1. Of everything in region 27-42 that's within 16 Å of the ligand (Cβ to nearest atom) and open to solvent by 20 Å² or more (accessible area, probe 1.4 Å), which residue is farthest from the chain's Cα centre (by Cα)?
2. Within region 11-26, restricting attention to residues that are hydrophobic (A, V, I, L, M, F, W, C) and within 16 Å of the ligand (Cβ to nearest atom), which residue is farthest from Gly134 (Cα to Cα)?
3. Since Trp263 meets every condition but one in (1) within 16 Å of the ligand (Cβ to nearest atom); (2) crowded, with 23+ Cβ neighbours inside 10 Å, which condition does it not meet?
4. Which count do you get for residues in region 85-103 that are within 14 Å of the ligand (Cβ to nearest atom) and part of a strand (DSSP E or B)?
5. Going by the structure shown, is Val285 farther than 23 Å from Ile207 by Cβ and either within 19 Å of the chain's Cα centre (by Cα) or buried (at least 21 other Cβ atoms within 10 Å of the Cβ) (or both)?
6. Return the total of residues in region 43-84 being more than 16 Å from the chain's Cα centre (by Cα), more than 15 Å from the ligand (Cβ to nearest atom), of a type outside the set (S, T, N, Q) and outside any helix (DSSP H, G or I).
7. Look through region 121-153, keep the residues that are of a type in the set (S, T, N, Q) and open to solvent by less than 60 Å² (accessible area, probe 1.4 Å), and return whichever of them is farthest from the ligand (Cβ to nearest atom).
Amino acid sequence: MQKKTAKIVVVGSINMDLVVKSEHIPIAGETVTGQEFVMIPGGKGANQAVAAARLGAQVEMVGCVGGDSFGKQMLEQLSNEGVGTSYVITESQQTTGVALIQVQDGENRITVVPGANASVTPEHVENAREVFKGADILLVQLEIPQETVMRAVQLAKRHGLKVILNPAPAADLPAEIWPFVDLVTPNETEAAILTAGQAITSDQSDILNELRSLTKTDVIITQGEKGVSYHINGSSGSFPAYRVHVMDTTAAGDSFNAALAVWHGEGLPLEQSIEFAAKVGALTVSRFGAQTSLPTRQEVELFEGT
Ligand code: RIB
């Protein structure tokens, strides 16, 4: 039987990643020589949109770029990847979001300058309501203003979409958001920040329970090479990470979230979608860069992994 195509709306950031690879990350006042510099399309929102499109979904992006050359490149990149850009606005007075990424031994340190991403307003989302109609899933992150995230989740619920909130980068969120969220997907740091003020413990199952009782949503906590812990439909569990050589972890969380949305949007239960998301995350960390590392559907289907 022909599988259903997942229809996904992504409301989020669009960045150009300026990436430096070096053996040593400088401390304050120090200058070091790096090995490589590359510019790679990124941004948590755009990464999730491109990842979902490569995995076979129909994707619409809602976001903003600046009136500079990065803005043009990012718009071109999104449409070359088959992502709908009717609601990606060019703010001519702004610069496109930029992420300065330092990579050392597969670990990264990222500084984001939001630029035009700060101009993604609630009105902008409201104006994009057409793309919410008939869609399956909203994917949203925290690299755009929180009031915009709030409007996006409300609009999604009004139109019957399932809402996946990837709370990255880490931030405290108002309790009012949770009734509009179905699944929240923090990493360990983000989970600790979301539950701050509650009794914090280093035990992941405690944090999972804290988060579950705080949000009343389904929860998946990603833990890098330790895999994921989840609480879905009233049951808790875990899934191990596939073992791969880690080249660069940039966009691993983005591709994991996109994969969850794609397989779940096609009708697979969330618990089973985790297996595909873990494969997609593993393929992403085994390559360099953000959108350069996102796998295609065929690559995921061929990946056996251990
Ligand atoms: O999640 C990875 C992304 O975070 C990078 O592409 C960078 O743009 C930052 O937003």
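1. Checking each candidate, the answer is Phe37.
2. In this case the residue turns out to be Val20.
3. Of (1) within 16 Å of the ligand (Cβ to nearest atom); (2) crowded, with 23+ Cβ neighbours inside 10 Å, only one is false for Trp263: (1).
4. Of the residues in that region, 7 qualify.
5. The answer is no for Val285.
6. Of the residues in region 43-84, 5 are more than 16 Å from the chain's Cα centre (by Cα), more than 15 Å from the ligand (Cβ to nearest atom), of a type outside the set (S, T, N, Q) and outside any helix (DSSP H, G or I).
7. Among those residues, the one meeting the criterion is Thr121.
Rundown of residues vs (1) open to solvent by 10 Å² or more (accessible area, probe 1.4 Å); (2) farther than 22 Å from Ala251 by Cβ; (3) β-branched (Val, Ile, Thr); (4) more than 15 Å from the ligand (Cβ to nearest atom), yes/no style:
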residue	(1), (2), (3), (4)
Glu107	yes, no, no, no
Thr111	yes, no, yes, no
Ala156	no, yes, no, yes
Val184	no, no, yes, yes
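The values are calculated or read from the model by the stated rules, or taken from the named source; none is laboratory data. Fair warning: this is a prediction, and the values are worked out from it, not measured in the lab. Every residue, glycine among them, receives a Cβ derived from its backbone with ideal geometry; neighbour counts consider all protein chains shown. All accessible areas refer to the heavy atoms of the entire protein, side chains included, with ligands and DNA or RNA removed. Shrake-Rupley method; radii C 1.70, N 1.55, O 1.52, S 1.80 Å.
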